[in-house]
Amino acid sequence: MPQHVYELTFMERYRGCAPSTNHGNDTSSTCVSDPVESEPCEFVLLRTTKRVQYFVRVQKAHVDSDEISLTLLPELPEEIDFLNALKEQNSGDIAFAHQEYAAWVAPQSVVETPFGWEISLKKSEAQGIHNEKRFGEMTGDQIAELRAKRILLDDKLSVATPWLGEYRVRNGLSLQYQNGLEVHESPIPQLYRAFRETPEQFKKFAHLVSVLCLKLTHTVEDIRLLDLELAESAESPVRTNGANHWHPRYQKMQKGAVLKVRFKGRRHQYFSIRDATILEFEGICPLAIGNSDEGTMRGGHPLIEDSS
């Protein structure tokens, strides 16, 4: 079973952190004494091919087309152990997300300094595939939209959908390539169960996880809008008859926390004579799942599966 490093104690350390003014792709954050008026710190998401992911506080980040420079401020022992492991040569690719950027990257240098960890990453040549072919009556763009709604809204397919259709929506074809990423369900509800006591941090981390999934499954190439609004008490549909499929007969309404999502993204432009498709929708991602709201993010059914 995959491990997830999402500790509630980790969140308590950052309640007094606020980002300073930043320009362009450079971001920095500093801690302030008043936890009431402060805003969340900036974070990056680092995820290994073994499905272990870390949210690490970032003091400075610079991203260009091929290289990424970071100054990280890890505090958990797991984060420090992870960064130490990156010092080893041929440590393998990792997935990286920051703001609206995500890519598979290869560590180039990892240096611990008195002011933080200076990390240099290079965009990996193995980024998976972009090609989304038609399946039956569904176009590639329609398949991508279903995947985007699964990532952001936890939408499932009808029980009448052929298995190959489910396989395509979850991006199963990418597993034939290095760094393939497969999505079985939305990572957002499980993330909420770990961070519901710190809603601003939850929204920050939900944004990072969503960007990583949307981009590394090649669902969209650019994210134009990703607005997440947490509502603590609202009605949402709950489907109870399977992990990947649903039927109206098994659907009921449940009142609880939801995430209101507004999304707009641009697909890859496959043909020069045709503009890239724009995916745009809004909806609700239910966050309360039965009685399983307690606990951390360790173990459980994998939300995302890699080729490894």
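Miscellaneous remarks
- As a summary of the residue check, Thr161 satisfies the conditions (1) in the same structural domain as His268 (by TED's automatic domain parsing); (2) part of a helix (DSSP H, G or I) except for the one numbered (2).
- Restricting the range 262-275 to residues that are outside any strand (DSSP E or B) and surrounded by fewer than 16 Cβ atoms within 10 Å (Cβ to Cβ), the residue that is modelled with the highest pLDDT is Asp275.
- The lone exception for Ser174 - which of (1) at pLDDT below 85; (2) in a loop (DSSP other than H, G, I, E, B) it fails: (2)
- Members of the range 75-106 that are hydrophobic (A, V, I, L, M, F, W, C) and assigned to a helix (DSSP H, G or I): Ile80, Phe82, Leu83, Ala85, Leu86
Table: residues versus (1) closer than 17 Å to Val183 by Cα; (2) crowded, with 16+ Cβ neighbours inside 10 Å.
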{"position": "Leu86", "(1), (2)": "no, yes"}
{"position": "Ala95", "(1), (2)": "yes, yes"}
{"position": "Ala102", "(1), (2)": "yes, yes"}
{"position": "Val105", "(1), (2)": "no, yes"}
{"position": "Val111", "(1), (2)": "no, no"}
{"position": "Pro114", "(1), (2)": "no, no"}
{"position": "Ile119", "(1), (2)": "no, yes"}
{"position": "Ala126", "(1), (2)": "no, no"}
{"position": "Ile143", "(1), (2)": "yes, yes"}
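The values are calculated or read from the model by the stated rules, or taken from the named source; none is laboratory data. Just so you know, these numbers come straight off a predicted model, no measurement behind them. Here the Cβ is made from the backbone with ideal geometry for all residues, glycine too, and neighbour counts use every protein chain on show.
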